[in-house]
Each structure stands twice: as structure tokens, then as C-alpha cells.
1. Taking the range 143-159, which residues are surrounded by fewer than 21 Cβ atoms within 10 Å (Cβ to Cβ), part of a strand (DSSP E or B) and either touching a Phe, Trp or Tyr at 6+ places or on another chain (Cβ under 9 Å) or free of Cβ contacts under 8 Å to residues at least 24 places away in the same chain (or both)?
2. Run down Leu178, Leu188 and say which single residue is touching a helix residue (DSSP H, G or I) at 6+ places or on another chain (Cβ under 6 Å) and under 19 Å from Leu97 (Cα atoms).
3. Considering only the range 52-66, I want to know if a residue exists there that is over 21 Å from the mean Cα position of the chain (by Cα), in a loop (DSSP other than H, G, I, E, B), within 16 Å of ligand 1 (Cβ to nearest atom) and within 17 Å of Arg189 (Cα to Cα).
4. Filter the range 233-271 down to residues that are over 23 Å from the mean Cα position of the chain (by Cα) and β-branched (Val, Ile, Thr) and give me whichever is nearest to Ile307 (Cα to Cα).
5. Can you find even one residue in the range 81-94 that is farther than 28 Å from Ala273 by Cβ, open to solvent by 20 Å² or more (accessible area, probe 1.4 Å), in a helix (DSSP H, G or I) and away from ligand 1 (no atom under 13 Å from the Cβ)?
6. Report, by residue number, each residue of the range 212-224 that is within 14 Å of ligand 1 (Cβ to nearest atom) and not in a helix (DSSP H, G or I).
7. Looking at the range 102-123, I want the residues that are closer than 19 Å to Leu226 by Cβ and have a partner that is near ligand 1 (Cβ under 10 Å from one of its atoms) and in a loop (DSSP other than H, G, I, E, B) with Cβ atoms under 7 Å, at least 6 apart or on another chain. Which pairs are those?
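The values are calculated or read from the model by the stated rules, or taken from the named source; none is laboratory data. Just so you know, these numbers come straight off a predicted model, no measurement behind them. Cβ coordinates were reconstructed from backbone atoms using ideal geometry, including for glycine residues, and neighbour counts include every protein chain displayed. Only protein heavy atoms, including side chains, enter the accessible area calculation; ligands, DNA and RNA are left aside. Shrake-Rupley method; radii C 1.70, N 1.55, O 1.52, S 1.80 Å.
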Amino acid sequence: MKALILVGGYGTRLRPLTLSCPKPLVEFANKPMIIHQIQALKEVGCTEVILAIAYQPEVMLAFKDEWEARLDIKITISQENEPMGTAGPLALARDLLDDGSNEHFFVLNSDVICEFPLNDLLEFHKSRGGEGTLLVTKVEDPSRYGVVVTEADGKINAFMEKPKEFVSDKINAGIYVLSPRILRRIELRPTSIEREVFPAVAADGLLYAMVLQGYWMDIGQPTDFLKGLSLHLESMNIHSHDSLASGPQFVGNVLMHPSAKIGEDCLIGPDVAIGEDCEIGDGVRLSTCVLMRGVKVKKYAKVVNSIVGWHSRIGAWSRVENKTILGENVGVKDELYVNGAIVLPHKDVKESIQNPQIVL
Ligand code: GDD
Ligand code: MG
């Protein structure tokens, strides 16, 4: 079986992290986002994953070489000359997806995280016999997503992308099984699967929805990234408890890379991910935050509700909080207060930032 992951897009909502690294490669719970997906696809029996990319081919090619070997799965890059939207890439990869075997394939948005019940989705799709089956979930504010109206057996009567008025609280989770037949509807041009393809398939009564069990999050923006981390760590707590940190310095769910070093008298957690080669000094307090690879937090600093980019440094007795996002290689001097700042890569913060702002 094959799968296609929609990797393109600039990832603007996750800046400044995406100024250094394409969104799908930003580490979520210490692994590039799409690795969570590729591993789940491999587990359900996929032998080839097609990455549909629109930008930064060099980075993705390096990624392919490394992870193809590490995960033992074929990774094919399908590169667009211009961004083809969310449906165009399927037409571009038509020959790969429809190789005559008439086999169903998966399509995933690259920024969604959940427990990936892909086998259940596949079985559901086969039992309904439509052209496509979507995983759907319930959210509080459906207006930011694709919304579906379904019948009791899961048949989708209507699909509406980001409707202004409330129609339903069931939304498209960005994970599909499609039959090759659906490709006949997709032209080779920039086009949206949500705005052009799904509404038409639904109108023909051939689109289905399966309700997702467990957590789900689109982690394409900072607040949701942290919320998604908290949900993901709780799921790890239930399913693979031993991979979380334990000991008197930890509270709640904390994921710490084995190479990270931590000082004495720290209080870490809940909902913290500490990346590879991080160094944390004595008496540090961390909660609801992500430290990407190579971050240094000096003694008695506090980081709350924030994301710290690769190789950034936080000075002693400093306090970083309120959705601060530090890009790659940012330095925060000792004894500063950083409140809700977005700091671009390679900057040195030398004075406190009292109110949320962007530091260029
Ligand atoms: N290859 C390629 N080319 N990929 C693209 C392009 C493109 O031109 N444009 C966007 N993508 C990828 C993005 O990288 C992402 O993985 C996926 O397509 C969806 O784009 P987003 O920009 O993240 O869309 P969204 O979050 O606003 O909405 C989508 O996801 C929601 C669930 O999170 C829609 O599918 C909604 O219906 C859905 O509810
Ligand atoms: Mg998204």
C-alpha cells in the first residue's frame, strides 16, 4: 500500500521555527512531525510514502536519505514546480498512486497528530465502498477547519471548508483513505481537495466519515503545538509510560531525550519535551514547554508555556513565558523577563521584553 503526505506550504503560522526548518520536520515530542506519521503508515502495511513538496527540496532530499534507511520504508519525493494546493499534488503523483493494482491509498496533511487508527480507517473504507473516507473529530471551534455533515452510517451529505456559520461540530482531521477512482476527478493544476473535490464526491454520495477515537490536534500553530504536546504526552503516559521521565524532579508527563543533561533541584513538568543534547542547570523550572535540540537553560531560569528553538540559550535567573517562541540560536541574557515574545533566529535578547512583541 502507498500513502501520500501533503508536505508543502510555508508553515507561516509556525514562524519563527519554520524560518530554520520546514514545518513537517520540526520536532514534535522529539521527532520530526512527519516521522510520527510515517511510522504509523509503516505499521499499517504501507511500503511507500510519497512526500508531496512545494518548497525546500534540498532539505527534504537529505531527510529522505536519512529516514528511508532508518525506518526501512521507501520514501519518494514528488516535487511541484508551483504550489499545487491540497488536491493538485495527487494528480501530479497519479502514476505512483494508481499503478494498475486498484489499491486504496492514504493521504495525510503533514501537521496533524493523533493515535493514527489507520487500520480501522481502512476497514471502514472497504466496508462502505465509497471513493473516500475521512477521519473526523469534534472540536470547539469548527470554523477553522473543514466541516462535515454526516448520516448515521457515516455517509457525508455535505463538506464545507472553514464555514463562517455553524453547520456541525464534526471536522475533517486531515487523514483520508482514497480509492484510485477519485483521481479521475482531479485535474493537474493548483486545486483544493477541500473546496473542489470533497464537496463534489459528497454530492455524489461517495464520501464517508469515520469518527476518530482519542486525541487529535493540528499542530501547525504555536498554541495548538503546545496543546497537542500535552495530549500526545498523556497518550504516551497511557500506552508507553516507560518512555516518559520519572524521578523526584519531574511532575506530570515529561519527555526527555536520553542525551539531555539536567542539574540538581530542578522542577520539570507537566507537559514538557526536552530535545537531544539539551543542558539544564540547577534549580531550573520548566512547565508546558518545548526545548528543541541543543538548548541550554542556565541555573534558576524558568520557562513556561513557550517553545525554545534549536541551540538557543536562556540565561540564569531569567523568566520566559506566555507563548514566547524563540527561533533557532537565540540568546537570552541573565536575569531577564521575556513575556510573549516571538524572537527571530540568531538574535540576542539583552533587555527584558515586558509585553508580547516580535523581535526582528
Ligand atoms: N504539496 C503541497 N502543496 N502541500 C500543501 C500545499 C501545496 O501547495 N498547500 C498546503 N499543503 C499542505 C500543508 O503543508 C498541510 O500539510 C496540508 O496541506 C493542509 O494545509 P494547511 O495549511 O495546514 O490547512 P489547514 O490546517 O488550514 O486546513 C486543513 O487541515 C484541517 C485539519 O487540520 C484542511 O484539510 C481542513 O479541512 C482540515 O480540517
Ligand atoms: Mg493545518
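1. Val149, Lys155 - these are the residues of the range 143-159 that are surrounded by fewer than 21 Cβ atoms within 10 Å (Cβ to Cβ), part of a strand (DSSP E or B) and either touching a Phe, Trp or Tyr at 6+ places or on another chain (Cβ under 9 Å) or free of Cβ contacts under 8 Å to residues at least 24 places away in the same chain (or both).
2. Only one candidate qualifies: Leu188.
3. Scanning the range 52-66 turns up no residue that is over 21 Å from the mean Cα position of the chain (by Cα), in a loop (DSSP other than H, G, I, E, B), within 16 Å of ligand 1 (Cβ to nearest atom) and within 17 Å of Arg189 (Cα to Cα).
4. Ile268
5. Yes, because at least one residue in the range 81-94 is farther than 28 Å from Ala273 by Cβ, open to solvent by 20 Å² or more (accessible area, probe 1.4 Å), in a helix (DSSP H, G or I) and away from ligand 1 (no atom under 13 Å from the Cβ).
6. Leu212, Tyr215, Trp216, Met217, Asp218, Ile219, Gly220, Gln221
7. From residues that are closer than 19 Å to Leu226 by Cβ, the pairs are Ser110/Val7; Asp111/Ile219; Asp111/Gly220; Ile113/Ile219.
For every residue, the table says whether it meets (1) more than 26 Å from Glu27 (Cβ to Cβ); (2) open to solvent by less than 50 Å² (accessible area, probe 1.4 Å); (3) part of a helix (DSSP H, G or I).
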{"position": "Ile175", "(1), (2), (3)": "no, yes, no"}
{"position": "Glu187", "(1), (2), (3)": "yes, no, no"}
{"position": "Thr191", "(1), (2), (3)": "yes, yes, no"}
{"position": "Val197", "(1), (2), (3)": "yes, yes, yes"}
{"position": "Ala200", "(1), (2), (3)": "yes, yes, yes"}
{"position": "Leu229", "(1), (2), (3)": "no, yes, yes"}
